[in-house]
Each structure stands twice: as structure tokens, then as C-alpha cells.
Amino acid sequence: MKPPYPHPLIAREGWPFVAVTTALALVATWFLGWWSAPLWLVALFVVQFFRDPSREVPDDPRAVVSPADGRIVAVERTRDPWLERDALKISVFMNVFNVHSNRAPVDGAVKKRWYHTGTFLNASLDKASIDNERNALWFRARSGQDVTCVQIAGLIARRILCYVGEGTELVRGERYGFIRFGSRVDVYLPVDAEVRAALGDKVYAAESVIARLPANG
């Protein structure tokens with residue numbers, strides 16, 4: 001299933017960064033010639049960081065897709081601090097070489113949004129889920145289950161961007177936010193969800209199925 005793709009291949013969040021680094025590299029080339037090579041490497045890094053490719057979304061209506069590119073760093077039963085329930089948590093860590101566009105993990109409506117300021121610990125640490133700056137969305141899936149998706153700033157990331165709020169309807173794989181420069185996303189699911197991801201797995205936003213929701217709503 002290919003969802004509508006209304007955004008460009010280079011995320012709009014990166015346009016100012018791409019423009020500035022490219023302009024600096026061009027000016028340096030004019031004055032310094034090949035000594036400008038390091039600036040071109042910086043510009044290329046910025047372009048790759050803000051890339052935002054289209055993705056093929058699985059058709060399975062019970063599928064929970066990864067909200068971010070990266071590596072699975074946690075699969076555990078824990079407490080969902082946002083909905084105050086027992087839950088299954090799956091965490092995805094994004095390094096600076098991953099795509100940082102965030103996608104909806106399920107079809108459904110945003111019931112509530114929370115934002116908390118915090119610290120900027122390494123996002124791969126468990127403490128980051130509690131201590132770091134974070135933005136949480138409570139999704140009510142079309143099948144009736146509750147899913148919480150939390151954007152977490154990391155050691156380098158200092159800007160969480162979220163473009164949806166209460167009442168917004170999203171489909172699996174639809175773009176809803178972005179985190180600049182290394183971060184983490186936690187997904188809290190019903191305890192009887194079927195896990196499809198394992199620690200260390202490399203996952204891709206909107207494409208990789210990390211779990212399946214239970215058949216009963």
C-alpha cells in the first residue's frame with residue numbers, strides 16, 4: 001500500500017541547513033578550490049540526514065509499523081506512563097545516519113498529545129524515556145486498541161517537531177513529525193500484542209512491522 005506522498009525527497013525541515021551548507025561550500029570553492037572539500041562533505045552529510053524517501057506500507061490492518069528508521073533497543077513489558085497501564089514497549093534508536101522522519105504506527109485518531117521538557121541524555125539509554133525532552137501521542141486505533149508513540153530527543157537532537165494534535169486522523173505510515181540529529185521513539189502497545197521485532201533488529205519507518213495488534217478490539 002503506497003500512501004499519498006505530499007512531501008519532498010529532502011525533508012522541508014532540512015531546507016535551511018542544506019541551503020546554508022551548500023552556499024558555504026560554493027563560496028569556499030570559489031576562493032579555496034579543492035581545500036573546500038571538507039565543507040562539501042558537511043553539505044553531503046546534511047543532505048543525507050534530511051532525506052525522506054517514500055515507503056511501501058504493509059496492507060495488514062493489524063500491523064504496527066515502525067514509527068522511525070533505526071535499531072530496536074528495547075522490547076519489554078513495562079508501565080505506560082502516559083495512559084497509566086501495563087504495556088508492551090518497543091523502542092527504536094535513530095543515529096545520525098538514519099532517516100529522521102516519523103510516521104504513524106497504526107491507522108487511527110490522535111486522542112491526546114503531551115509535551116515535556118527534559119534533559120538530553122544519549123537516546124539509546126533506558127533513562128532517556130523518562131528524563132529527556134519528549135512528545136507523546138495517544139492513538140486510538142481503528143480496531144479500538146490504544147497505542148502510545150513517544151518522540152524523544154537525544155544527546156545531539158535538540159528539536160522535536162510534531163505536526164498533529166488531538167482529533168487528527170492518520171493512516172499507517174503517514175508522516176507526522178521529525179526529530180533533528182539523533183533520537184529515539186518509544187511505542188507502547190497492549191500487553192497481548194504480537195511482537196514481530198527483536199533487540200538489535202534494523203527497522204525502517206512505515207515499512208517494518210514491529211508488532212501486530214490483538215484481534216479483539
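Rounded to the nearest whole Hz, the Karplus-based 3J(HN,Hα) values (6.51 cos²θ - 1.76 cosθ + 1.60, θ = phi - 60°) of the range 44-52 follow the sequence 5, 4, 4, 4, 5, 5, 8, 5, 8, with x at glycine and proline.
Pairwise inverse Cα distances across the chain, averaged and inverted, put the Kirkwood hydrodynamic radius at 17.7 Å. Comparing 31, 97, 45 in a Gaussian network model of the chain (Cα springs below 10 Å), the most mobile by mean-square fluctuation is 31.
Note on residue 60/residue 86: beta-carbon distance plugged into 1/(1 + (r/R0)^6) with R0 of 22 Å gives a FRET efficiency of 0.35.
From largest accessible area down, sort 12, 103; use a 1.4 Å probe on the protein chains.
So the residues, ranked largest to smallest area, are 12, 103.
Taking all protein chains together and rolling a 1.4 Å probe, residue 54 ends up with roughly 60 Å² accessible.
Taking each residue as 0.36 nm, the span from residue 71 to residue 23 lengthens on full extension beyond its C-alpha to C-alpha distance by 13.9 nm. For the chain, the residue among 177, 83, 20 whose Cα projects farthest onto the positive side of the dipole built from Cβ charges is 20.
Taking amide hydrogens as placed 1.01 Å from N in the peptide plane, the amide H of residue 139 sits under 5 Å from those of 111, 147, 148, 149, each at least 5 positions away in sequence or on another chain.
Note on exposure: 213, 24, 41 ranked by accessible area (1.4 Å probe, complete protein assembly) read 41, 24, 213, with the most exposed listed first. Within the range 43-86, the GluC sites (Glu not before Pro) that combine a DSSP coil assignment with at most 14 other C-beta atoms in a 10 angstrom radius are 56, 84.
Could you give the length gained on full extension between residue 169 and residue 35, defined as 0.36 nm per residue of separation minus the Cα-Cα distance, in nm? Display every interim value, and only then the final one.
On the way: separation 134, 0.36 × 134 = 48.24 nm, distance 5.03 nm.
43.2 nm is the gain from fully extending residue 169 to residue 35.
A 1.4 Å probe run over the protein chains yields, for the chain, 47 Å² of accessible area per residue, whole-number rounding. For residue 85, the residues 5 or more places off, or on other chains, whose built amide H falls under 5 Å of its own are 80.
The values are calculated or read from the model by the stated rules, or taken from the named source; none is laboratory data. Keep in mind it's a predicted model, so treat the numbers as computed, not measured. Methodologically, a virtual Cβ is constructed for each residue, glycine included, from the backbone with ideal geometry; neighbour enumeration extends over all protein chains shown. Accessible surface is based on the protein model in full, side chains and every heavy atom, while ligands, DNA and RNA are left aside. Shrake-Rupley method; radii C 1.70, N 1.55, O 1.52, S 1.80 Å.
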